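Peer 1: Starting off with a structure, shown below.
Values quoted throughout were computed directly from the atomic coordinates according to the rules given, and no laboratory measurement underlies them. Owing to the predicted nature of the structure, the values given are computational and were not obtained by experimental measurement. Methodologically, a virtual Cβ is constructed for each residue, glycine included, from the backbone with ideal geometry; neighbour enumeration extends over all protein chains shown.
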Amino acid sequence: MAVSKQTLAEIQAVAARYPSKQSAIIPALWAVQHEQGYVTDAAMREIAQALGLPPSLIEATASFYSMFLTKPEGRHDVVICVNAPCMLRGADEMKDYLERALGVRDGQTTPDGAVTWHSTIECLGACGGAPMMQVDHRFEENLTPERIDVIIDRLRKQPAAPLAPRHPLPGSPLKGEGEAHAKTAEPAKKPAGPRGRRSQA
């Protein structure tokens, strides 16, 4: 899928704000991921062409940061924390149970396309509710096998969480539209975790 002309225009507009176009790589990757859900090799080449940079530089940036997706994932994104505070309260057991309940390994997507799950040693910032996991950028705390079953059952039935209103890149031609969205969009109830999939409020 080709990157839209609108997104390419935004990327070029934000690149013009920096003395080095390399500074626009991360905003460009975000823009493409928001549009398409993930960043393909072809899209990385389009970003490189728009910025006048080597494709290898775009690829290196996308592969370095775990928040950028390079392949399709499930309708719902689940990240379970196995950092020390969660581990002390049974996170390893909950991770193992989640794997058995979903029937796929860490980093994989269920056959029905409902859920992609990952574990992370990076703290998600909800130690008081450990063990916990982040589901579509919202926290599910004090996990038990029973709670995990309820959450999975809900996710299998739900469509994909809607995208948050688009906030155009700084300096893009759509800045006014982004400001209007910012006034009406509801704030996220919980902070997003390290993977930073498509922004879903």
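Peer 1: Using Cα centres only, tell me the gap between the stretch 52-80 and the stretch 14-28 in whole Å.
Peer 2: 18 Å
Peer 1: In nm², what is the average projected area of the convex hull enclosing the Cα atoms of the stretch 49-102?
Peer 2: 5.8 nm²
Peer 1: Let me ask you something else. Amide H to amide H, which residues 5 or more places from His76 or on other chains are under 5 Å from it, using H placed in the peptide plane?
Peer 2: Val115, Thr116
Peer 1: How much FRET efficiency would the formula 1/(1 + (r/R0)^6) give for Ala84 and Tyr18, where r is the Cβ-Cβ distance and R0 is 41 Å, rounded to 0.05?
Peer 2: 0.60
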